[in-house]
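Trainee: A single structure is presented below for examination.
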Amino acid sequence: MKPYAEMTKEELAEEIKKLKDLYRYYQRMDLNLDMSRGKPSAEQLDLSMGMMDVLNSDSDLACEDGTDCRNYGVLTGVHEAKVLIGDMMENNPDNIIIYGNSSLNVMYDTVSRAMTHGIMGNTPWCKLDKVKFLCPVPGYDRHFAITQYFGIEMIPVPTYPGGPDMDMVEKLVSEDESIKGIWCVPKYGNPTGYSYSDETVRRFAGLKPAAPDFRIFWDNAYGVHHLYDDRQDHLIEILMACKRAGNPDLVYKFSSTSKITFPGSGIAALATSPNNLEDIVEQLKNQTIGHDKVNQLRHVRYFGDIHGLMVQMKKHADILRPKFEMVEWILDEELGGLGIGEWTKPIGGYFIYFKSLDGCAKAIVKRCKKCGVKMTPAGATWPYGKDPYDRDIRIAPSYPPVEDLRAASQLFALCVKLVSAEKIYSEMSE
């Protein structure tokens, strides 16, 4: 079929009639499918059930250094867990704090601490007239929710396949001391699936911010979430790059096992410079005596080391890869050559990014919802939930069973065609 924009008005009217008939057919199917969040499927969660057997009432719950994990103490996490997570994050265990189950919680706490007490002796953000954050778009809605909650002004920065617009980032942070941070998902990004280029990482490390308390919030959520053995992205390690650039304190790097073991009971971590660690621990010791060391030990006993963890990730990939490839195949088959959308084909992570014609994303998501397919709200990938172009849609293939995902993807493609055809037709009539 030729591109919609090249059709005559009569051809397009006939196409719209066919699409509406098919849409009514889907409405009668009474679907109830969810592609709204990047949740692991039940099949993926089953991979970690063995964790429930590695510790029991007869287990020795002492660490290698003799620490009794049942008791208080060890504020920054047990050493074995730091080694395991350090290998996963590509960081020195001495530069890591192990937290509870949620890296998002750690990011929230990090912003909250900066608001109330400042960073390394600088003025608390709550006492400043203005606090701003740079937000690469399309980006992660929960990042934006944190900064919005604290009343921080968010500035969108365009994202390309190699990362954010670094000319814009460098200019803004060097000129405006009210800019205190930037959100980053550097590997297999949410929602694009893009990974930062070596040049982008080096330019981040070499930033010269006007604010001494500017920090890069480096969310390494998908650092080991490859879909293929033979095609994987590899990033320059940001903490080392910053140290080499003379900016050792510039980065907070976050990660967790949330999509590796159990999202509700994994372990999260923060890696950063010794100076930042000292600053954080000074606050942390007033917040807690220590996080769940039994769970930290459980993860270590289950995986053994990074090699055991990577075996687990290959099993995840075997489940996820067919789902991603099926969605991509359906989009290619149904939408290829029509000129009404673009989509990514990531080699890792949890999302496929779809860019519709301008002004169509909300209508596409609404039509999907009316047929029983729930998607992430259009606009969620922008600060304040407002996509000025109304074109960005996040597809999350991980959670539904394959057959449900097939039906949802086919319906999504139908909704894209119908909304796009109606838009082009209406512009012809103007």
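The values are calculated or read from the model by the stated rules, or taken from the named source; none is laboratory data. A quick note: this is a predicted structure, and the numbers were derived from the prediction, not measured. Positions of Cβ are generated from backbone atoms using ideal geometry, with glycine treated the same way; all protein chains shown enter the neighbour counts. Heavy atoms of the whole protein, side chains included, go into the accessibility calculation; ligands, DNA and RNA do not. Shrake-Rupley method; radii C 1.70, N 1.55, O 1.52, S 1.80 Å.
Trainee: Between LYS315 and MET240, what length in nm is gained on full extension when 0.36 nm per residue of separation is reduced by their alpha carbon distance?
Mentor: 24.0 nm
Trainee: Can you show me the helix-derived [θ] at 222 nm for the chain, built from DSSP H runs with n ≥ 4 at -39,500 (n - 2.57) apiece and divided by the number of residues, rounded to the nearest 500.
Mentor: Computed mean residue ellipticity for the chain: -13000 deg cm²/dmol.
Trainee: Report ³J(HN,Hα) in whole Hz for each residue of region 151-164, in order, from the Karplus equation J = 6.51 cos²θ - 1.76 cosθ + 1.60 where θ = phi - 60°; Gly and Pro get x.
Mentor: x, 7, 6, 10, 10, x, 10, x, 10, 10, x, x, x, x
Trainee: Would you compute the Debye intensity of region 192-344 from its alpha-carbon atoms alone, equal scatterers and no solvent, and pass along log10 I(q)/I(0) at q = 0.08, 0.11, 0.12, 0.13 Å⁻¹ to two decimals?
Mentor: -0.34, -0.63, -0.73, -0.84
Trainee: Between region 93-136 and region 170-194, what's the alpha-carbon centroid distance in Å?
Mentor: Cα centres, region 93-136 to region 170-194: 15 Å.
Trainee: At 7 Å along the Cα-to-beta-carbon direction for both GLU6 and GLU177, put a label point, then send me their distance in nm to one decimal.
Mentor: The answer from the label model is 5.8 nm.
Trainee: I would also like to ask the following. Using modelled backbone amide H atoms (1.01 Å from N, in-plane), which distant-in-sequence or interchain residues come within less than 5 Å of LYS374's amide H?
Mentor: LEU33, ASP34, MET35
Trainee: Sticking with this structure for a sec: SER112 versus PHE150, label points 7 Å from Cα toward the beta carbon: distance in nm?
Mentor: Between SER112 and PHE150, the label points sit 1.1 nm apart.
Trainee: For the modelled label position 7 Å from the Cα of ILE306 along Cα-to-Cβ, which residues of region 71-108 have backbone nitrogen atoms closer than 20 Å?
Mentor: Taking a point 7 Å out along Cα→Cβ of ILE306, the residues of region 71-108 whose backbone N falls under 20 Å are 77-99.
Trainee: Here's something else I'd like to know. At 0.36 nm per residue, and after removing the present C-alpha to C-alpha distance, how many nm does the segment from GLU403 to TYR160 gain when stretched out fully?
Mentor: 84.2 nm
Trainee: Would you mind checking which residues have amide H under 5 Å from VAL157's amide H? H placed 1.01 Å from N; only 5 or more apart, or other chain.
Mentor: Answer set, sorted by chain and number: CYS135, VAL137.
Trainee: Run through the DSSP bridge list for the chain and note the antiparallel percent, rounded to the nearest 5.
Mentor: If I count the DSSP bridges inside the chain, around 45 percent turn out antiparallel.
Trainee: Students often forget the sequence filter, so: which aspartates and glutamates lie under 14 Å Cα-Cα from LYS370 once same-chain residues fewer than 8 apart are removed?
Mentor: Counting by Cα, and skipping residues close in sequence, LYS370 has these aspartates and glutamates nearby: ASP30, ASP34.
Trainee: Relative to the longest principal Cα axis of the chain, at what angle does helix 103-117 sit, 0 to 90 degrees, rounded to 10?
Mentor: 70 degrees
Trainee: In addition: Nearest 0.05, what FRET efficiency do LYS130 and LYS345 give at R0 = 35 Å with Cβ-Cβ as r?
Mentor: With a Förster radius of 35 Å, E is 0.30.
Trainee: Volume per residue, Å³, of the convex hull around the alpha-carbon atoms of region 1-94?
Mentor: Looking at region 1-94, the number lands at 250 Å³ per residue.
Trainee: May I pose another question? Could you work out what % of the accessible surface of region 1-82 is carbon and sulfur, using a 1.4 angstrom probe and leaving DNA, RNA and ligands out of the count?
Mentor: Carbon with sulfur: 48 percent of the solvent-accessible area.
Trainee: Okay, next question. Quick one: what are the phi-derived ³J(HN,Hα) couplings along region 339-350, Karplus 6.51/-1.76/1.60 with θ = phi - 60°, whole Hz, x for glycine and proline?
Mentor: My calculation for region 339-350 gives x, 10, x, 10, 8, 8, 10, x, 10, x, x, 10 Hz in order.
Trainee: Across region 137-252, what fraction of all alpha-carbon pairs, as a whole percent, falls in each successive 10 Å bin from zero upward?
Mentor: 13, 47, 33, 6, 1
Trainee: I would also like to ask the following. Can you give the convex hull volume per residue for the Cα atoms of region 244-311, as a whole number of Å³?
Mentor: 122 Å³
Trainee: Across the chain, what fraction of all alpha-carbon pairs, as a whole percent, falls in each successive 10 Å bin from zero upward?
Mentor: 4, 20, 28, 24, 15, 6, 2, 0
Trainee: Separate question: Find the eigenvalues of the gyration tensor of the Cα atoms of region 268-384, then list the square roots of 5 times those eigenvalues as equivalent ellipsoid semi-axes, largest first, in whole angstrom.
Mentor: 40, 22, 14
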